[in-house]
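Please read the structure below before turning to the comments.
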Amino acid sequence: MTKRAIVAAGSMLALASPAQAAEGGLEIFPDPIRLLQLAALFVLMIVPVNHLVLKPLLRVLDERSSSIEGARKRAAEVGKKADEALGRYRAAVEEARKQAGEVRKQALDAARGDQVRILAEARQAAEAEVATARSGVAEALDEARTTLRAESTALAREAAARVLGRALS
């Protein structure tokens, strides 16, 4: 059928008379035979042009549209998955921050407790040292007083003996 249409179209073109301009001016109404030939050629060319050009072109356009639509759907799915993954990531980061804050707070509280305990122990040790030193100073003072009292009498006798120049009895 396609061959027949091509042969018919070719024969019509070959039999068509060349266009001639009217000598007196512009021809508004075309030659009816020429008009019928062109209409027949148009009708005969519809089928081959439809099979050879339009259908393949429309098929390619449909395939392209479907592939674009498929790519859009896949992109939307990938975007949705990426958003979900980003949400999970942000939640995990927030949870890790909370846990780190709790651990830091516990460590800080433990360090403060240790600091208070160490300071209390140091204060007690210092107070014990001060008490020991005070008692040692008090004992040394009492001993010095006792020694001075005992020696003061002997020193007074010796000083008096030297002043008087004779021994006291």
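The values are calculated or read from the model by the stated rules, or taken from the named source; none is laboratory data. This one's a predicted model, so the numbers in the text were calculated from it and none came from an experiment. Note: ideal-geometry Cβ built from the backbone for every residue, glycine included; neighbour counts use all protein chains shown. Accessible surface areas use protein heavy atoms only, side chains included; no ligands, DNA or RNA. Shrake-Rupley method; radii C 1.70, N 1.55, O 1.52, S 1.80 Å.
Here are a few things to note about the model shown:
- FRET efficiency estimate (nearest 0.05) - Cβ-Cβ, Arg134 to Val163, R0 45 angstrom: 0.65
- Rolling a 1.4 Å probe over the protein heavy atoms gives segment 30-169 an accessible area of 87 Å² per residue.
- For the set Glu127, Glu69, the ranking by accessible area, highest first and with no ligand, DNA or RNA atoms included, is Glu127, Glu69 under a 1.4 Å probe.
- Dipole of segment 53-124, positive direction: furthest Cα of Leu54, Ala92, Ser66, with charges on the beta-carbon: Leu54
- Value at 222 nm in deg cm²/dmol, rounded to 500, when DSSP H runs of n ≥ 4 in the chain each add -39,500 (n - 2.57): -31500 deg cm²/dmol
- Surface composition of segment 38-137: carbon and sulfur make up 62 percent of the accessible area, probe 1.4 Å.
- 25 Å tail of the calculated P(r), the chain, as % of Cα pairs: 79
- Aspartates and glutamates with Cα under 19 Å of Lys73, excluding same-chain neighbours fewer than 8 positions away: Asp62, Glu63, Asp83, Glu84
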